[in-house]
Amino acid sequence: MAATQAEFSKTAGKPIHCRVARKAGEPLVIEEVIVAPPKACEVRIKIVCTSLCHSDVTFWKLKDFPGCFPRILGHEAFGIVESVGENVQDLKEGDSVIPIFLPDCTECIDCTSKKSNSCSQFQFKVSPWMLRDGTSRFTTIDGETLYHFLSVSSFAEYTVVDIANVTKIDPRVPPNRACLFSCGVSTGVGAALKTANVEQGSTVVIFGLGGIGLAVAEGARICGASRIIGVDINTDKFEIGKQFGVTDFVDSNSYGDKPISQVINEMTNGGADYCFECVGMGTLVQEAYACCRKGWGKTIVVGVDKPGALLTFKSLDILHLGKTIMGSLFGGLKPKSDIPLLVKRYLDKELELDKFVTHEVSFQHINTAFDLLVEGKSLRCVIWMDE
């Protein structure tokens with residue numbers, strides 16, 4: 001740590017020239033940019049490693065707003081606080097932290113309530129700017145402004161993040177596991193543990209066995225679900241899913257015109273206790289709702305659909321069937337208070353993270369990480385900055 005502190009003493013309060021991946025819609029390129037010092041209520045973080053999430057790929061492909069370029073993508077990361085701006089009290093230089101896209105001011109009515117993780121002081125939105133002043137901390141050597149991504153922008157050696165988006169993490173957690181708590185794993189595990197509150201002995205159905213869907217399975221396993229049914233078009237996911245507690249697999253391409261909800265209802269004798277949609281497709285949300293059990297079944301929407309996508313339900317079904325449908329942004333977790341609880345589960349060897357990381361590459365090979373995820377060959381690829 002001494003070398004790091006010496007390095008920080010040279011950079012604190014000054015602009016930093018560093019390499020970033022910033023071109024989107026095509027293979028990312030690495031170039032030198034200036035990362036401004038943090039302003040009030042902000043910290044500058046030296047990114048140690050970052051991992052690639054499907055949301056990065058989604059926005060990498062988007063040509064229309066909220067896609068905007070040039071932009072520094074990335075939002076799952078672990079880093080060390082390099083310097084702090086004014087009015088920063090709970091963070092200091094050298095702290096181990098993870099930046100998180102969901103703000104947690106700890107002061108508003110929502111952040112102080114156990115019922116919500118939707119900060120009312122800083123409402124979550126996919127903004128290309130910093131949280132408080134609507135400007136950027138990134139510029140090229142030529143003075144061109146670069147856009148932020150999800151208040152994090154971790155595909156850079158240094159980034160500036162608002163304190164509402166920074167959570168301390170126990171330094172005993174290895175960096176290449178700590179970064180997983182920034183988004184996907186926390187979202188899936190939290191959806192099972194907190195949003196759904198899966199009961200022991202229950203039946204769970206998961207639509208989509210990507211990284212988040214498998215994190216839901218991990219959470220359901222921890223909760224003691226007796227049956228976890230995975231639904232996917234990729235049959236290879238069943239063997240992978242077994243590592244996370246998946247007990248049954250449904251290949252949604254194998255049933256012709258027969259609705260998957262009917263298949264699930266027949267398998268479960270009337271529907272599952274909990275159904276999680278982890279793909280981001282309205283049609284799958286409706287399938288999930290159709291196969292959660294009448295009377296007490298819960299459908300939890302975890303996947304991110306296209307902006308403006310609509311859902312359609314019959315009013316009488318809502319009234320008569322007694323089912324519940326709910327959203328689960330970041331798994332319903334409050335970043336600053338719930339992430340430490342998940343970290344404890346990891347340190348106690350209850351939450352297993354090793355199986356999520358299938359690949360690790362250096363920052364120079366970040367495009368390889370994109371290729372692996374797009375081709376369905378990786379769950380999480382960790383990208384190291386200094387290798």
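The values are calculated or read from the model by the stated rules, or taken from the named source; none is laboratory data. All of these numbers come straight from a predicted model, not from anything done at the bench. Every residue, glycine as well, gets a Cβ built from its backbone with ideal geometry; the counts of neighbours run over all protein chains shown. SASA here: full protein model, heavy atoms, side chains in, ligands and nucleic acids out. Shrake-Rupley method; radii C 1.70, N 1.55, O 1.52, S 1.80 Å.
Structure notes:
- Of the numbered criteria (1) free of Cβ contacts under 8 Å to residues at least 40 places away in the same chain; (2) assigned to a loop (DSSP other than H, G, I, E, B), the one D317 fails is (2).
- Extreme residue, nearest to M385 (Cα to Cα), among residues of segment 170-182 that are open to solvent by 10 Å² or more (accessible area, probe 1.4 Å) and outside any helix (DSSP H, G or I): P174
- Qualifying residue in segment 294-303 (condition: farther than 24 Å from G245 by Cα, of a type in the set (K, R), touching a helix residue (DSSP H, G or I) at 6+ places or on another chain (Cβ under 9 Å) and surrounded by fewer than 15 Cβ atoms within 10 Å (Cβ to Cβ)): yes
- Identity of the residue in segment 319-357, surrounded by fewer than 21 Cβ atoms within 10 Å (Cβ to Cβ) and in contact with a Ser or Thr (Cβ under 6 Å, 6 or more places away or on another chain), that ends up farthest from R380 (Cα to Cα): I325
- T312 in a strand (DSSP E or B) and polar (S, T, N, Q): no
- Residues of segment 360-381 classified as farther than 20 Å from I72 by Cβ and open to solvent by 60 Å² or more (accessible area, probe 1.4 Å), total: 3
- Inside segment 230-241, residues that are surrounded by fewer than 24 Cβ atoms within 10 Å (Cβ to Cβ) and outside any helix (DSSP H, G or I) make up a count of 3.
- Matching residues in segment 10-43 - criterion: being open to solvent by 80 Å² or more (accessible area, probe 1.4 Å), touching a residue at least 60 places away in the same chain (Cβ under 8 Å) and not acidic (D, E): H17, R19, P27, K39
- Residues of segment 44-86 that are open to solvent by 20 Å² or more (accessible area, probe 1.4 Å), in a strand (DSSP E or B) and not β-branched (V, I, T): K46 alone.
- Residue tally, condition within 23 Å of I212 (Cα to Cα), part of a loop (DSSP other than H, G, I, E, B) and without any contact (Cβ under 8 Å) to a residue 60 or more places away in the chain, over segment 259-279: 1
- Residue-level check: of (1) within 17 Å of G85 (Cβ to Cβ); (2) open to solvent by 20 Å² or more (accessible area, probe 1.4 Å), H148 misses just (2).
- Segment 119-169, residues that are closer than 12 Å to A36 by Cβ, hydroxyl-bearing (S, T, Y) and assigned to a loop (DSSP other than H, G, I, E, B): T135, S136
- Neighbours by Cβ (under 8 Å, 6+ apart or cross-chain): first from segment 194-210, open to solvent by less than 50 Å² (accessible area, probe 1.4 Å); second among the basic types (K, R): A196/K298; S202/R227; T203/R227; V204/R227; L209/K237
- Residue match in segment 87-96 (condition: surrounded by 23 or more Cβ atoms within 10 Å (Cβ to Cβ) and not aromatic (F, W, Y)): no
- Here is the figure for segment 105-125: residues that are within 18 Å of the chain's Cα centre (by Cα) and within 19 Å of K194 (Cβ to Cβ) total 5.
- Test: residue in segment 206-217 that is under 21 Å from K298 (Cβ atoms), assigned to a helix (DSSP H, G or I) and either modelled with pLDDT under 95 or not aliphatic (A, V, I, L, M) (or both): yes
- Within segment 218-229, the residues that satisfy the criterion of being surrounded by fewer than 22 Cβ atoms within 10 Å (Cβ to Cβ) and outside any helix (DSSP H, G or I) are G224, S226, R227.
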